[in-house]
1. Looking at the chain, send over the antiparallel percent of its DSSP beta bridges, to the nearest 5.
2. Apply the a/c threshold of 1.5 to the C-alpha gyration tensor of the stretch 259-313 and tell me whether it is rounded, prolate or oblate.
3. What value, in deg cm²/dmol to 500, does the helix sum -39500 (n - 2.57) over DSSP H runs of n ≥ 4 give at 222 nm once divided by the residues of the chain?
4. Return the subset of Lys108/Lys181; Lys189/Lys263; Lys111/Lys296; Lys110/Lys263; Lys110/Lys189 for which the Cα-Cα distance in this structure is over 27 Å, preserving the input order.
5. Among Gly177, Gly20, Gly68, which one shows the highest mean-square fluctuation when the chain is modelled as a Gaussian network with alpha-carbon springs under 10 Å?
6. What trypsin sites (Lys or Arg not before Pro) in the stretch 1-58 are in a loop by DSSP, with at most 16 other Cβ atoms within 10 Å of the Cβ?
7. Using Cα-only point scatterers and the Debye equation, what is log10 of I(q)/I(0) for the chain at each q in 0.07, 0.13, 0.14, 0.15 Å⁻¹, rounded to two decimals?
Amino acid sequence: MRVLSGIQPTGRFHWGNYFGAIRQYIDLQDDHDGYYFIANLHALTTIRDAELLQQLTHDAALDLLALGLDPDKATLFIQSDIPEVSQLTWILMTCTSMGLLERCVAYKEKKEKGIAADAGLFTYPVLMSADILAYDSQWVPVGQDQVQHIEVCRDLANSFNHHFKSTFVLPEARIVGSAAKVPGTDGEKMSKSYDNTIGLFEELKPQRKKIMRIQTDSRPMEDPKEPEGDHLFQLYQLMATAEEIEEMASLYRQGGFGYGHVKKALADVAERYFAPARERRQELENHPDTVRDILKAGAERARTVAAEVLARAEEACGLTAPKPH
Ligand code: TYM
């Protein structure tokens, strides 16, 4: 099974990125053919500072490797190292209706807020479709917020296949129910744009402070509470052991405890959960050349696949003459 996903280097990664997406990349890398990339072309729609984009792209590679992405098992690369994807984007753009893009959430939200959107943001789902289709991807592990974009990708692939001949594989989104929409410090979806994130590699002290400030409801301590639907409990569940989860759930149901207790327990399990990745990251920081080599080798592998798919698409729509069989 060919699996592919991308992640934007628009800031340091947070718990939502990890539990919604990155953990799936790692879980799938043993038994599947994984392609994972740092979406720096997409990041250009928000970051307009060359040095910062370079830094965040490098950080993203370090983070992914430290979290357990293994370059011997999966292909890790930078989006802009594969120019075939941009070429494919244009071809797909000619099969994309304006209405389809107007309905896409990222663009719609900005427009509704009165923020000027550029053509890059508007056509963002077409570039994302090219990312997916260029590798004949079958599964795309993502969080809930990306599912609409994968539907767009299927629409575009269908439209191209219908106009010309069957060229593209139709991908499917892969989401993990319990982590498809990880809540942030305000209980809404964790997102860089809502300023409610908890960073994966944040310094421990400020991270703990942030966790202690997570918003909760104001029910009295004595009241028994249902753990389901409580965002603190939801976060705790992602990192605690089965036994710890059971214990915490019965504490909720009994009542007589404060949210401060849960927050402290959450900070403890988070620290324990990510300790090995923090250690690996420190090691990797001392080997920038190794990281560069991994990305270079990944780009070479990825380009070979993308070039083949692009050639197929160019032939199907008449940009190149059919090859004699
Ligand atoms: P991005 O960079 O916003 O997010 C990367 C991944 O993290 C997931 N995610 C979450 N999952 C659960 N709960 C959350 N609170 C949460 N926040 C973020 C996202 O769903 C995503 O899987 N357009 C994509 C990048 C991209 C891409 C692609 C993805 C470009 N090309 C091709 C898949 C295939 C994006 O902006 O993700």
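1. Values: 2 of 17 bridges.
Here the antiparallel bridges make up roughly 10 percent for the chain.
2. Values: a/c = 7.25, a/b = 2.13, b/c = 3.40.
Oblate.
3. Values: 14 runs with 171 residues, N = 325.
About -16500 deg cm²/dmol.
4. Values: Lys108/Lys181 20 Å; Lys189/Lys263 18 Å; Lys111/Lys296 38 Å; Lys110/Lys263 33 Å; Lys110/Lys189 17 Å.
Pairs exceeding 27 Å: Lys111/Lys296; Lys110/Lys263.
5. Of Gly177, Gly20, Gly68, the Gaussian network model singles out Gly177 as fluctuating most.
6. Numbers: sites: Arg2, Arg12, Arg23, Arg48; in loops: Arg12, Arg48.
Of the trypsin sites (Lys or Arg not before Pro), the ones in loops of the stretch 1-58 whose Cβ has at most 16 other Cβ atoms within 10 Å are Arg12, Arg48.
7. Log10 I(q)/I(0), no solvent term: -0.32, -1.00, -1.13, -1.25.
Computed from the coordinates by the stated procedures, all read-outs in this text should not be read as laboratory data. Computed from a prediction, not measured in an experiment: that's the story for all the values here. Neighbour counts are summed over all protein chains in view; Cβ atoms, including those assigned to glycine, are modelled from backbone coordinates with ideal geometry.
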